[in-house]
Each structure stands twice: as structure tokens, then as C-alpha cells.
């Protein structure tokens, strides 16, 4: 995959939902992934891979995984609070994505093979993330507002 074909998400054009905390979390995640993308691109362009570069990617992956877990926990809490009818479908998708992310991170830690990471970070995850936000998150946020949840609050505030 050439650098010009790599998909990097942009917070300026990324779809927004009816909840501030969800948008903020999505934008944070995009920034984390964009930074990871920069590290991966630098790694691919350098003929000599240093332990420092490998450690930076590993650390960035750990930060992303932790952020994603917290992201999904907060959305799951919101869905439970509002008794969202599609909770099981939405939260199951979160579980599936976390499982895949954990596998990608584990594979990287085991063998430092950049290609599966490139595919996941630049293709698989961005395509899934946009689709998920435009469908699951959009409907969840709309439902929460419809049942009277304050779109400017955090999930634990109501």
C-alpha cells in the first residue's frame, strides 16, 4: 500500500452525532489513529528500524486500545442508562472490534510485522469507524435525545 492511498480520517469532515461527549471521544480517537499512522508511515519509509521506533508504535497502539476500551465503556453506559433497545447489537459490535484490536496489537508485539498493522489502521478500522458512527452511534445519540437525555452531559451525569 502506498502512502498516497492510506486512509486517514479528518476531524473536520468526520460525521457528528447529537452528543457532545461522543463527538469529542471520536475526535480524540481519530487524533490517536492519525498519530499512529504517522509512526507507521515513518517506520515503512525507514530502511533501518530502531527499537525506539518499534517502542513508539507499541506505545501508540496501547494508548489507542485503552482509549477505545474507555470509549466503548462510556457508550455502553449511555445505552444502559437510556435503555436503548438495540443495546445488544451495538455493544456486541464494540466487543467484536475490541477483540480484533487486541489481536492486532498482540500480533505486532509478537513479531513486529507492519503489514497487518498497516491494513488494519489505514483500511479496516477507518472504514468500520465511519460506518459505525453513521449508523449505530447516530441512532443511539438520536434515541438518547428523544428520551430526554441532555446531549451536553456525560453518560454518568443522568
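Laboratory data are not the source of any read-out in this text; all were calculated from the coordinates shown. This structure is a prediction, so every number in the text was calculated from the model and none was measured. We place every Cβ from the backbone using ideal geometry, glycine too, and count neighbours over all the protein chains shown.
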Checklist line | Spin-label proximity, residue 53 to the range 111-131 - amide N less than 19 Å from point 7 Å beyond Cα toward beta carbon | finding: 111-122
Checklist line | Cβ-Cβ FRET estimate between residue 67 and residue 88, R0 fixed at 22 Å, reported to 0.05 | finding: 0.40
Notebook entry, point to check: How much mean residue ellipticity at 222 nm does the chain get from its helices, if each DSSP H run of length 4 or more adds -39500 (n - 2.57) and you divide by all residues, to the nearest 500 deg cm²/dmol?
Noted result: -22500 deg cm²/dmol
Item checked: With Cα atoms, 0 to 90° folded angle of helix 51-81 axis to the chain main axis -> 10
Checklist line | Listed values (i) 56, 29, 23; (ii) 43, 35, 28; (iii) 61, 47, 32, entry calculated as Cα extents along the principal axes in Å | finding: (i)
Margin query: Once you place label points 7 Å from the Cα toward the Cβ at residue 46 and residue 124, how far apart are they in nm?
Written below: 2.5
Check: Once the principal axes of the Cα atoms of the range 88-145 are found, what is the range along each, listed largest first in whole angstroms?
Finding: 45, 20, 13
Item checked: Angle between the chain longest axis and helix 87-111 axis [Cα atoms, degrees, rounded to 10] -> 10
